[in-house]
Amino acid sequence: MKDEMAKRKYQNGNTLRNLPVVTVLSYFIFQGMRYMTPGERWFKISLTLIAALLLSLAGLHILLALIVGHALNFSTNGQLPVMMRYVVSDVGLTREKVRIALTKMQTTAQRFGIIDILIYGSFSRHVMKSTSDLDLRFQHRPGVLPSLLAYCYATYIRIWANLNFIPIDLYCFTEAEFLDRMREDEIPALLFSSQEMCTKYPGAQDPILALEKNAALP
C-alpha cells in the first residue's frame, strides 16, 4: 500500500499543475513542512522566527517582519525549482545536473553526520525526465546536536540546489520507520550504502547505475 504522504504529494501536484497561483501560495505557506519530521519542522519555523526578530529589532512592524522573514526563508530554504515543476512544467533537469548533485552530496554529506542518502521517486523507477525532481531522504544520527547539524546541511543543499536550479525534494530523518511512508514500488538508490539501509532494502540500487537506466533523461 502506498504511503499517504507520497500519495497526497503526487496527487496534489497533478491537481495543482494547472493552477500556478494556488501552487505558489501552497509552497509559500507550507514550504514542505507537512512532510517533515517534527524536529526539522521546528528548525525551519525557527529560521523564520529568527529572521522576523532581527527585522523587528531593526524597526519593522512585527507582523510585517514575520511575513518578510517567512518570504526570506522561502526564497532561500524553499524548494523553488520543485515548485516550478507545477508552474512551468519543464524545469530542465538533465543527467549532468543529477550527476553534479550526487557528487556534491557524496563529497560533503558525511562530515555533517549524514549516515546515508536515499534517492526515491522517478529516479528509482528509472522514468526520470527533464520535468522530474530529485527525491531525497537524508538519514542522520539521533540527538539534538546531530539533528541540528543535519538540518543545517539540508538547508545548505537546498540553497545550493536553488542557485544551480536543480529541483531537489529533500527531507531528513533518523528512524527507518520514516521510510514506511514511501511508495512500496520504489526501491531507493543508496549514496553511502549504510548497513542499516542495505538490510532494509536488500535490492537497493547503486546511484550511478540507476542514473544510467533513466534513459529518458537528457
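Before moving on, here are some points about what is shown:
- Annotation for segment 144-210: GluC sites (Glu not before Pro) lying in DSSP loop with at most 14 further Cβ atoms inside 10 Å of their Cβ are GLU175, GLU184.
- Global geometry of segment 97-191, whether rounded, prolate or oblate, following the gyration tensor of its Cα atoms and the 1.5 cut on a/c: oblate
- Cβ-defined net charge surrounding TRP160, 14 Å radius [Lys, Arg +1; Asp, Glu -1]: +3
- Based on C-alpha pairs under 8 angstrom that are at least 6 apart in sequence, segment 41-187 has a relative contact order of 25 percent.
- Dimensionless Rg over Rh [segment 150-218; C-alpha; Kirkwood]: 0.98
No value in this document is a laboratory result; all are computed from the given coordinates. Quick caveat: nothing in here was measured; it's all calculated off a predicted structure. Cβ sites come from the backbone with ideal geometry, for glycine too, and all protein chains shown count toward neighbours.
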